[in-house]
Amino acid sequence: MQKNILIFFCLLFCACSEKKTESIPDHILPVQKMAAVMIDIHLLEASISLNATTTDKFTIGSSTPGFEVLKKNNITKKQYDESFDYYTQHPALLNEVYQLALNDLSKMQAEVMNKN
C-alpha cells in the first residue's frame, strides 16, 4: 500500500513539474529582443510624458513604437507588429517578456539612483 502511495506521488510530481516549452516561430522576435524593444518603448513613453522630447511621433499608450525605437533595434514595423500580436496571444510568453523588461528597467533605475 505504501509503495502505491509513493508511486502515485512520484507520478504526480513528474506530471506537475513537466513544463511545456513553446517554440517561437522564426519571424517572431525572440523573448530577449522583444523585451529590449518594450524597454525602449516604455522609456520613450516616459520621456514624452515628461515632455523631454517631441522629435518622435508617438502617442502614449499606442502599441506602435516610434521610428527611432524600430531603427535602434534594427527591426521593421511589420516584425514588431507580428511579434506584438504573437506575444499578446501567448500570455505566458508575454509575461516572460515583461519580467525581463521590468528586471532591466529596475537595474537602470538603481544605477540612476546610485549616481545621485
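As a summary of the residue check, Ile60 satisfies the conditions (1) modelled with pLDDT under 80; (2) surrounded by 10 or more Cβ atoms within 10 Å (Cβ to Cβ) except for the one numbered (2). Of the residues that make up the stretch 78-94, is at least one in a helix (DSSP H, G or I), farther than 23 Å from Val112 by Cα, modelled with pLDDT under 55 and more than 15 Å from the chain's Cα centre (by Cα)? No, the stretch 78-94 contains no residue that is in a helix (DSSP H, G or I), farther than 23 Å from Val112 by Cα, modelled with pLDDT under 55 and more than 15 Å from the chain's Cα centre (by Cα). No other residue among Ile7, Ile39 is surrounded by 10 or more Cβ atoms within 10 Å (Cβ to Cβ), assigned to a helix (DSSP H, G or I) and modelled with pLDDT under 85 apart from Ile7. Cβ-Cβ distances below 8 Å connect the following pairs, each with a first residue in the stretch 73-91 that is among the aliphatic types (A, V, I, L, M), a second residue that is modelled with pLDDT of 95 or more, and a separation of six or more residues or different chains: Ile75/Leu29; Ile75/Lys33; Ile75/Val37.
The values are calculated or read from the model by the stated rules, or taken from the named source; none is laboratory data. Just so it is clear, the structure is predicted and the values come from calculations on it, not from any experiment. Cβ coordinates were reconstructed from backbone atoms using ideal geometry, including for glycine residues, and neighbour counts include every protein chain displayed.
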